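Reviewing the structure listed below.
All of the numbers you see were taken from the coordinates with simple rules; none came from a lab. A quick note: this is a predicted structure, and the numbers were derived from the prediction, not measured. Neighbour counts are summed over all protein chains in view; Cβ atoms, including those assigned to glycine, are modelled from backbone coordinates with ideal geometry.
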Amino acid sequence: MLSICDLSKAYAKSQQLAINQLSLELKRGEIFGFLGHNGAGKTTTIKVVAGILPFDRGTVLIDGHDIKQDAEKAKRNFGYVSDNHIIYDKLTGREYVNFLANVYGVGKNDRQERIDKMLEMFGLKDAYDASIKTYSHGMKQKIHIIGSLVHNPSLWILDEPMTGLDPQSNFALKSLMKDHCKEGNTVFFSTHILDIAEKICDRIGIISKGSLISLGTMEQIKQNSTQSLEDLFLSLANPATQQVVCEKCGATQGVSAKFCKSCGADMRAKADKGAEPDQGGML
Ligand SMILES: Nc1ncnc2c1ncn2[C@@H]1O[C@H](COP(=O)(O)OP(=O)(O)OP(=O)(O)O)[C@@H](O)[C@H]1O
Ligand SMILES: [Mg+2]
């Protein structure tokens, strides 16, 4: 569904890579949580995938369509919720959502049922005909979410969508994510809310300094560890305490370890790989 291969990007005038050789495959029907500390590279990755930012190296395929070479087809296949909710605020909610439905060529009957369901779930019916500039931050976020799903995209990309939503709307959003996946679609979202990630994600990926440092199901990521996701995240995402797993015996140790402290295996090959992704567990 989404295939990111060897992706690298540096911002102009920056010496550092904001994304560093990142590879990731998302399957149909999964909810994938993208975690990482502030400045880790989540938004940059998401904006590259959505075709908003250029990149220097690698490929991004959405449902087989290359975001660079075949941008229009790739863009038809996803819905995107940005982290800033800057949307056309001169329009009413109804005008905004219908504008997007028209852009994607969604039929009148098809769109209505979907929109009504979401307006109900988010309690936005009464404000639907009001100008978006009169909306609160959370209301803008909700109309943005509704607009992103109006064409029923096979890939739904959301950048920190839970931030600023009240508990009821967060619940509605989680239900929408689960329903969307049950229909065979894919959800790719970034979040700092670890207990939500732990509860709803089929897999998570942790990014640090532009590289994936952990990837897998919760069980795989917590392998050999009794720590909560929060503790694990705090140690993984902190470069000073990053861990690697011995491929031979499964023991965990600091990223600078040359030999496994349990079985003596040579860890240098693993450490040399840096943060190259390794499906299923810590890297
Ligand atoms: N427009 C920009 N120009 C230059 N550097 C940028 C720009 N936007 C982001 N960066 C840098 O790229 C890196 C990744 O930033 P990014 O916004 O992707 O992080 P993030 O993981 O989304 O963080 P947050 O959790 O705070 O949203 C950071 O080092 C940041 O300083
Ligand atoms: Mg961000």
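Remarks
- The length gained on full extension between residue 109 and residue 137, counted as 0.36 nm times the residue separation minus their Cα-Cα distance, comes to 7.1 nm.
- The convex hull of the Cα atoms of the range 2-207, projected and averaged over all directions, covers 11.3 nm².
- Gain on full stretching of the segment that runs from residue 266 to residue 126 - 0.36 nm per residue minus C-alpha separation: 44.0 nm
- Separation of the alpha carbons by more than 29 angstrom is noted, of 199/261; 42/261; 27/47; 9/174; 47/133; 209/258, for 199/261; 42/261; 9/174.
- Proximal charge balance of residue 123 [Cβ under 11 Å; K/R count +1, D/E count -1]: -1
- Each other residue within a Cβ distance under 14 Å of residue 136 adds +1 if Lys or Arg and -1 if Asp or Glu, for a net charge of 0.
- Ordering of 61-73, 195-207, 38-50, 125-137 by packing [mean C-beta count within 10 Å, highest first]: 38-50, 195-207, 61-73, 125-137
- Projected label points at residue 199 and residue 6, each 7 Å from Cα along the beta carbon direction, are separated by 4.1 nanometres.
- The range 1-77 and the range 140-194: distance between their alpha carbon centers, rounded to Å: 19 Å
- In range of the label at residue 66: residues from the range 1-42 whose backbone nitrogen is under 20 Å from the point 7 Å along Cα→Cβ: 1-10, 21-26
- Over all other residues within a Cβ to Cβ distance under 10 Å of residue 60, the charged ones net out to 0, with Lys and Arg as +1 and Asp and Glu as -1.
- Cβ-Cβ FRET estimate between residue 178 and residue 57, R0 fixed at 35 Å, reported to 0.05: 0.50
- Of the peptides 3-16, 88-101, the ranking by mean beta-carbon count within 10 Å, highest at the top, reads 88-101, 3-16.
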